[in-house]
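What follows is calculated from the coordinates using simple rules that are stated; it is not laboratory data. Not measured: the values here are computed from a predicted model. Positions of Cβ are generated from backbone atoms using ideal geometry, with glycine treated the same way; all protein chains shown enter the neighbour counts.
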Amino acid sequence: MYQHTRLTTNRLGFFQKFRNFDYILLVCILLLGFISLATMYSTDGGEIKFHTKSHFTKLAVFTLMMLVMSFINIKYWFSIGYLAYVAVVGLLVGTYLFGITSSGSQRWINLYFINLQPSELMKIFIIVCLAKFFHRMKLENVNSIYTILTSLIIILLPMGLVIVQPDLGTAVLIAISGIAVLWFAGINYKYFIYTILGFIISLPFVIAFLKPYQKLRVLTFLNPDKDPLGAGYQIIQSKIAVGSGGIFGKGFLKGTQSYLEFLPEKHTDFIFTLFSEEFGFVGSAILLVIYAIIIYRIVAIGASSRSYFAKIFCYSFGAAIFVFITINMSMVLGLLPIVGSPLPIMSYGGSSMLATMIGFGIVMSARVHNQQLIA
Amino acid sequence: MINSSSDNVKKLNSINRRMFITGSLKFFVMIGIVSRLFFLQVKENKKYLTLSDKNRIREWKLAPVRGEFHDYFGNVIAGNFEAYQLHVIPEQVEDFRYVIYRLKDLLELSDTEFKKVLKKKNEIKPWETLIVSDNLSWQKFSKINNHLYDLNGVKPVISISRNYPFKENFTHLVGYVSQANQDDIESTQAIKKNFVPGLKVGKVGLEKTFEEKLIGTNDIERYEVNAYGRRISQLEFQKGEKGKTLRLTIDTEVQKLANELLKDQAGSICVMDIYTGAVIAMHSSPSFDPNLFVFGISQDDWQLIRNDPMKPLVNKTLQGNYSPGSTIKPIVALSALENGIVNTSFTVRCTGKTEMYGQTYHCWKKKGHGYVSLRNAMKQSCDTYFYEVARKLGVDKLSETAKKFGLGEKVFGDLFDIEKKGLIPNTQWKKNALGKGWLLGETIITGIGQGYIQTTPIQLCLMTAQIANGGYKIYPHLVVDDKVKDQPIDKFTPLYKNSKNIKIVQDAIFGSTNEVMGTSYRSRIDNPKYQFAGKTGTAQVKKITEEERELDLKTFQIPYEQRDHALYVAFGPYKNPRYALSVIVEHGGNGSTTAAPMATKLFKLIIDRHKIRESLRNKKYLEI
């Protein structure tokens, strides 16, 4: 009876929904958007050029999209979980068949109005899909062979499609997103331990199967000074840029490493390097704090959600975003090999931003509809 | 429902526990990232800041301005002039083909030169400077300047380059500069430090010896560049220092006269201050124009110099090992006096030839000189007398005295890497070098400066100077600098045992020039102001056969390469000597007819210039 009344009061009016917004999260996302625009302006050499304009357009469109998504009931997002997954897998297959090849890998698909990178979307939709998969499952069934095999197939299928592009970096990130869900769903610890042990043991064999350029990246990471003008160039220049930034940075639009074109990929993977060079340790720390608040809010929204789906989605999404940020930063700071992973929101690139904003949208929807139960 | 809700609770517990673990992990990873940032940006900031500057700032060195050579009176011997050059930066030219063909017309470039320029253009980056021409005449340079409206991107540039205004006069002394090669860069630290493409460095002579002092330091331009090396903006211009200018002890007038006297002949003249060791002139003939080498010598000019039978590339003053001939006689006489072998009254009868150890030794005078004492023997250069003295003296004692007076070792020490030591033989030397015992007959011909004995012209000059100054050691030098002051004579170390012996030898040499029957009597100057004393020498280049001796050919009848070398050493003015000189004319025939008259002309000039020189010294003119 009690439950019944709760369900009826769950139909929220427009303004109620508005009131339910997580404004801290929203402000942080907008702030991040603003910072990313300023940084993009700097990569364009202090002028409003293609990258700045394009980034602004995407930011505006996708933020609006996120807001619209947050008004849609979390139930709806639950219901499309499998469908979305299948759709993105379809896009990945489409990419494999008719994708656009650029710098040696076939990652993009032409959808007439946008060139989409479906592997980026998969980072989010695999979470939605698996969250739905585990939503109704009883805890004792979680560790059954059937569940584990099914979830592994759900993860390995898109991974395989991304690896053949080839794009090992994104494949790994998709796997991490999926594994995050498995972790929160309650898969036995021992499986994780076995997996890690198995990975370590098989590492030499994996390296043997890597493509030459991937092997080179690993070797370069281990010793970037070996070939400072060749393979080690990116890591070395990135470290120089960050290190020369100092405590307060060289100042906005004054990052010599970037505007004299020593920095590679400054719009995308190495955007943090440029930011860090111009704003220094203090600026970087502030950026990290913003990211930390965002992740904290996502987790808090998950904690306050009544539905298991919303909870597991928020937790997993928070963990995934955290890993994306960490991997990107570790990479540009020379702590990890160059794997090619964008920094959420900051990096130039529509697909990545679209995926992240969809994630935020679902999280926001979970917040607005946090009393919603999903049967 | 109860089951379901208890399952929900378990599920919630599980997920919250795992969230807690995840949260803690995130916290630690975050701390890791922040500490990495701290490490790079705060702790290692300096290192990366330097690396970043190294990335973005690039230096361009410009060729340093080379120090000059001045003579004693401040005349420029080796200076700098403004070379007119034409530079093009290809990327700043709109239509490179048009401009380059237009330049070809205007400069009247030959096809090979033109091809060279095009080849150079392909080797450089489009924003680097292409030097189309490195030494244009003023006419062409001004012609280009008049057509500049039509030649977008062409830059007329005035650049500093080496110039030798006295052309061939100082070539062997000063040397010349030319483009630095790999060996130069590796062997000299200063060149390595200041190297820029096209840098010119000393190749021989004093230009090479004093490279480190002359080279100066680069102007440095600092530019900010991008990752592709393109200059973005100039940050700094650091003016370099001009190399040190060196003032030489040389008197250009005397040097020029020496060059004139030896014109079309092979030989050497050197003049030295007998008290200070300052070299007044030092010339080797034939010479060549060092300016030819500055911008790279043409193949034709090079072949001409290289194939000249008189060997202009050899510095005869320092590298020429000559038999001293009779010019050694003062040393033989001195050695004999010092060792008590002879005294002034010792006489020998000369019959034109003498028989010793089963060999016949001839005097240059067929009829013989009759009874001769030391003074007469020196005056008339009697060979028989010196055969006898040498025999009694022995080669070991002779070589000791000769070495004391500067023969058999380098006069300038390390100053010239090409300088030869000559050879003063003794018994030990022959045993070591040739593995044979010394023959007494070899002593006898050493007494008249033939046989193994070899000396360089500069050594003969030093020897004469040290006899002329009363037998004191001097240190010949070419550069006026703070270290080698004009030292007073009493600080010198005496080379004699008894100063009387020096006086006896000086007097004998005086007789040789200023008394009837003296070998250089015809070249004397009676005016005591210029009066000098000298000893002739005629060095055989080959052994004279008996038939040739019978023929008694005149010099002009003998083929050039077989003629004797003519030598002359002298000092003056006799009353109060100040300068010594040595003259060697290769294949000049005879010392008294070829070499001695040159000394006459030289002494006139040297002594006339002495006052001017002294006035400079008294002014303590030492600013360099």
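Some observations on this one:
- The range B:306-372: trypsin sites (Lys or Arg not before Pro) in DSSP loop, at most 12 other beta carbons within 10 Å: B:366, B:367
- Summed side-chain charge close to residue B:214 - residues other than residue B:214 whose Cβ falls under 12 Å, Lys, Arg +1, Asp, Glu -1: +2
- Förster radius 51 Å - calculated FRET efficiency between residue B:233 and residue B:28 (Cβ-Cβ, nearest 0.05): 0.65
- Distance between the modelled labels on residue A:213 and residue B:16, one decimal in nanometres: 4.9 nm (7 Å Cα→Cβ projection).
- Shown here: the range A:44-131, whose C-alpha atoms stretch 45, 35, 21 Å along the first, second and third principal axes, sorted largest to smallest.
- Taking chymotrypsin sites (Phe, Trp or Tyr not before Pro) across the range B:57-103, none is in a DSSP loop with at most 11 further Cβ atoms lying within 10 angstrom of its Cβ.
- The range B:557-620 versus the range A:62-130: alpha-carbon centroid distance in Å: 103
- For the range A:224-375, fraction of C-alpha pairs farther apart than 28 Å, in %: 30
- Environment charge of residue A:106, counting only residues whose C-beta is closer than 15 Å and scoring Lys/Arg +1, Asp/Glu -1: 0
- Between 0 and 90°, nearest 10: helix A:308-332 axis offset from chain A longest Cα axis: 0
- The Cα trace of the range B:304-354 gives Rg and Dmax of 19.0, 56 Å, the first to one decimal, the second as a whole number.
- √(5λ) per eigenvalue of the Cα gyration tensor, the range B:60-248, largest first, Å: 32, 22, 15
- Kirkwood-type hydrodynamic radius, the range A:2-368: 21.6 Å, calculated from all non-identical alpha-carbon pairs.
- A simple spin-label model places pseudo-atoms 7 Å from Cα toward Cβ; at residue B:38 and residue B:356 they are separated by 9.8 nm.
- In terms of overall dimensions, the range B:267-419 has a Cα radius of gyration and Dmax of 20.9, 64 angstrom.
- Rg/Rh, computed from the Cα trace of the range B:252-618 with Rh as the Kirkwood radius, has the value 0.96.
- For q = 0.05 Å⁻¹, Debye-computed log10 I/I(0) when each Cα of chain B counts as one equal scatterer: -0.36
- Its Cα gyration tensor gives the range B:356-499 an equivalent ellipsoid, and the semi-axes of that ellipsoid, as √(5λ) in whole Å with the largest first, are 31, 20, 13.
- Stretching the chain fully between residue B:73 and residue B:550 yields a gain of 166.4 nm (0.36 nm per residue, less the alpha carbon separation).
- Among the trypsin sites (Lys or Arg not before Pro) within the range B:214-252, those in coil by DSSP and having at most 13 neighbouring Cβ atoms inside 10 Å are B:239.
- Helix B:395-404 axis, angle to chain B major axis (alpha carbon atoms, nearest 10°): 50
- MRE, 222 nm, helices only [DSSP H, n ≥ 4, -39500 (n - 2.57), over chain B, to nearest 500]: -11500 deg cm²/dmol
- For the range B:1-114, the equivalent ellipsoid built from the Cα gyration tensor has semi-axes of 79, 28, 7 Å, listed from largest to smallest.
- Antiparallel bridge percentage (DSSP; both residues within chain B; nearest 5): 95
- Length gained on full extension, residue B:81 to residue B:101, computed as 0.36 nm times the residue gap minus the Cα-Cα distance: 4.3 nm.
- Listed residue pairs exceeding 31 Å between alpha carbons, taken from B:167/B:410; B:203/B:431; B:208/B:403; B:61/B:140; B:115/B:213: B:203/B:431; B:115/B:213
- Proximal lysines to residue A:190, defined as alpha-carbon separation beneath 28 angstrom and excluding residues fewer than eight positions away on the same chain: A:123, A:132, A:138, A:311, B:10, B:11, B:26
- Excluding same-chain neighbours fewer than eight residues apart, the aspartates and glutamates reachable from residue B:604 by a Cα-Cα span under 17 Å are B:251, B:253, B:260, B:273, B:526, B:614.
- If you take all other residues with their beta carbon under 12 Å from the beta carbon of residue B:196, and give Lys and Arg +1 and Asp and Glu -1, the sum is +1.
- Across the range B:60-248, the relative contact order, built from alpha-carbon pairs under 8 Å that are at least six residues apart, equals 34 percent.
- For the range B:274-347, the Cα-based Rg and Dmax, in that order, read 20.8, 64 Å.
- Under 15 Å from the Cα of residue B:104 - aspartates and glutamates, other chains or at least 8 residues apart: B:95, B:113, B:134, B:150
- Taking the convex hull of the alpha carbon positions in the protein assembly as shown and averaging its projected area over all directions gives 59.8 nm².
- Measuring against 28 Å, Cα to Cα, the residue pairs B:263/B:367; B:119/B:143; B:120/B:192; B:500/B:542; B:192/B:244; B:46/B:242 contain B:263/B:367; B:500/B:542; B:46/B:242 as the ones spanning a longer distance.
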